[in-house]
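Everything below concerns the one structure shown next.
Where a number appears in this text, it was derived from the coordinates with a stated rule and is not lab data. Since we're looking at a predicted model, the values are computed, not measured. A quick note on method: Cβ atoms are made from the backbone with ideal geometry, for glycine too, and the neighbour counts reach across all protein chains shown.
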Amino acid sequence: MDQKPVHIAGKPLLFNGAADEHLSLTEVNKDSCHLLKEKLENGLTLLWFTESGNKLVIDGVPHNFEKNQIVCLTEFHRLEIEKVTSLKQVKFNKPFYCILDHDTQIGCRGILFFGASDLPVFHIPDDELDKFETLWKMFTLEFESKDNLQIEMLQMMLKRLLIFCARLYKEQNIHGTDDKGTVELIREFNFLVETHFRTIHGVAEYAELLHKSPKTLANYFSKHYSKSPIQIIRDRIMIEARRLLLYSDKPIKELAYELGFDSIQTFSRSFKKKQGISPSEFRG
């Protein structure tokens, strides 16, 4: 009798391809939570919390995650673990699955990973849960296949998972529109900010890159998104500022110039306005 794969908590189901493709599925609990901190070059991660009571610090900010929430992380997020109860981790790299010129909402530059200045978090409604659980089971079964179609099947299943997630993220975070063009504009703006936030701090410059006026851009965001364009830019800069202050030993003056500020005083004022304390106090 054929045996189905048994997914043991803490033991990843792993695919490594000949062209450096990587995909892994892991069920994580309190005894195996160290696996969350394993680095993967060009890596992207989905964490699906299957129990409540999880506490993580991401880029210096504490977060509590409840049952059936999902958070999307890139290789640039810094993760500290306070408490893990139970979760499922999907980790893959860009060689395994990265679509830049089509399927833009679910590719590596889509809304789940580089489409928001906030941490991308959403929850699975009860009536959608069976869909996710079934896909997870199919995923685990496919890891037993060893033929030359395996990578295509795994890529197809990952794409399906990302579609499910992107739909939920849009429903819960991008409001009042079914217009694909509006969603794409919001996603493209966020991606441009991700690419240029160290050197471009003004809305007008991003509007020009998008061939829109600053006023038009502001109107789109006020109707369909929880933040204004300038808030997104400033929040992304502050995320990086916190990372650099916490995880590097570079002088604050050097960090200020690296983030595109013309002086340490300007950076310090901006940081204190957002965080409530000075950069030196934050670094401790």
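With Rh defined as the Kirkwood radius, the inverse of the mean 1/r over Cα pairs, the Rg/Rh of the chain is 0.98.
Non-local lysine pairs in region 180-283, meaning eight or more places apart or on different chains, with alpha-carbon distances under 22 Å, amount to 17. Highest-first packing order for the peptide set 267-275, 67-75 is 67-75, 267-275, based on the mean count of other beta carbon atoms within 10 Å.
Each pair of Cα atoms in region 13-173 enters the Kirkwood radius, and Stokes-Einstein at 37 °C and 0.692 mPa s then converts it into a translational diffusion coefficient of 205 µm²/s. Ranked by the mean number of other Cβ atoms within 10 Å of their residues, highest first, the peptides 211-219, 126-134 fall in the order 211-219, 126-134. For region 259-275, backbone phi angles converted through the Karplus equation (6.51, -1.76, 1.60; θ = phi - 60°) give residue-by-residue couplings of 8, x, 8, 7, 7, 5, 5, 5, 4, 4, 5, 5, 5, 5, 4, 7, 9 Hz, Gly and Pro being listed as x. With a/c under 1.5 counting as rounded, go ahead and sort region 180-283 into rounded, prolate or oblate using the C-alpha gyration tensor (a ≥ b ≥ c being the square roots of the eigenvalues; past the cut-off, prolate if a/b is larger than b/c, else oblate). Because a/c hits 1.5 or more and a/b exceeds b/c, region 180-283 counts as prolate.
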